[in-house]
Amino acid sequence: MRFQNWWHWALGAMALVVSATALHAALPTTSPDTSGRTSTEGELLIASPELSAPFDHAVVLMAQHNRDGAIGIVINHPAGPRPIAEVLTAMGADAGGVANDVMLFLGGPVDPAIAFVLHTTDYRKPDTIALDDRIAISDAAEVLRDIGLGKGPQKSLLAFGYAGWAPSQLDDEIKAGAWTAVPENPALVFDDDRSKVWADALALHKAGK
């Protein structure tokens, strides 16, 4: 979907108002139970070059992978910058006093009107979910407002939507060669040129062999 069309659609979506309830519903906090499978929770998944949209050369940060299914956020599909105040207004949140722009990312095809912020763990709110000791995820509106006021996390990534797999679906796709797992790397999540993240992640995998 072209960014302009997607953005106009998102502005009109009532579901764009994201609550802590929605965040926790999308990212259950139960302990992983992989039932004998290898969990990719907390890792990065690199899409096979044969995969097409919405996972064309995608790199996905995995937030959950257990017997109930899997959830992750694509970190290298930017949709373009927008003023933080404009995004907050679209969410129905207070935009007073905020400044600067934020890059929007298409986090996946599931619930594209739900927004998440991946961020460094120097920032925490009551509903923040730590993915590991370096990266966490929070409800978007509060984090965005703090970023716009200059008191947000050191590094962050705003994503709309997420990638989701039914029970055993991701395991089967990995066995079929559709995805390759590598350790989570903050540089890939936040710092690297987005156009190079897929190649950089693949290089990291090859270096670790």
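The values are calculated or read from the model by the stated rules, or taken from the named source; none is laboratory data. From a predicted model like this one, the values you see are computed outputs, not experimental measurements. When we count neighbours, we look across all protein chains shown, and the Cβ atoms used for this are built from the backbone with ideal geometry, even at glycine.
Restricting attention to the range 161-172, the residues that are acidic (Asp, Glu) and surrounded by fewer than 18 Cβ atoms within 10 Å (Cβ to Cβ) total 1. Is it true that some residue in the range 82-97 is among the charged types (D, E, K, R), closer than 30 Å to residue 52 by Cβ and out of contact with any Ser or Thr (no Cβ under 9 Å at 6 or more places or on another chain)? Yes, the range 82-97 contains a residue that is among the charged types (D, E, K, R), closer than 30 Å to residue 52 by Cβ and out of contact with any Ser or Thr (no Cβ under 9 Å at 6 or more places or on another chain). When the range 34-64 is filtered for residues that are more than 23 Å from residue 192 (Cβ to Cβ) and assigned to a strand (DSSP E or B), only 64 remains. Take the conditions (1) farther than 30 Å from residue 97 by Cβ; (2) out of contact with any Leu (no Cβ under 6 Å at 6 or more places or on another chain); residue 152 misses just one of them, which is (1).
I'm trying to understand the selection: among the residues of the range 115-134, which are part of a strand (DSSP E or B), of a type in the set (Val, Ile, Thr) and either more than 11 Å from the chain's Cα centre (by Cα) or surrounded by fewer than 16 Cβ atoms within 10 Å (Cβ to Cβ) (or both)? Across the range 115-134, the qualifying residues are 120, 129.
Within the range 87-110, identify whether any single residue is assigned to a loop (DSSP other than H, G, I, E, B), among the hydroxyl-bearing types (Ser, Thr, Tyr) and surrounded by fewer than 21 Cβ atoms within 10 Å (Cβ to Cβ), and answer yes or no. For the range 87-110, residues assigned to a loop (DSSP other than H, G, I, E, B), among the hydroxyl-bearing types (Ser, Thr, Tyr) and surrounded by fewer than 21 Cβ atoms within 10 Å (Cβ to Cβ): absent. Would you confirm, using the coordinates I've provided, whether residue 144 is touching a helix residue (DSSP H, G or I) at 6+ places or on another chain (Cβ under 7 Å), modelled with pLDDT of 90 or more and not in a helix (DSSP H, G or I)? No, not satisfied.
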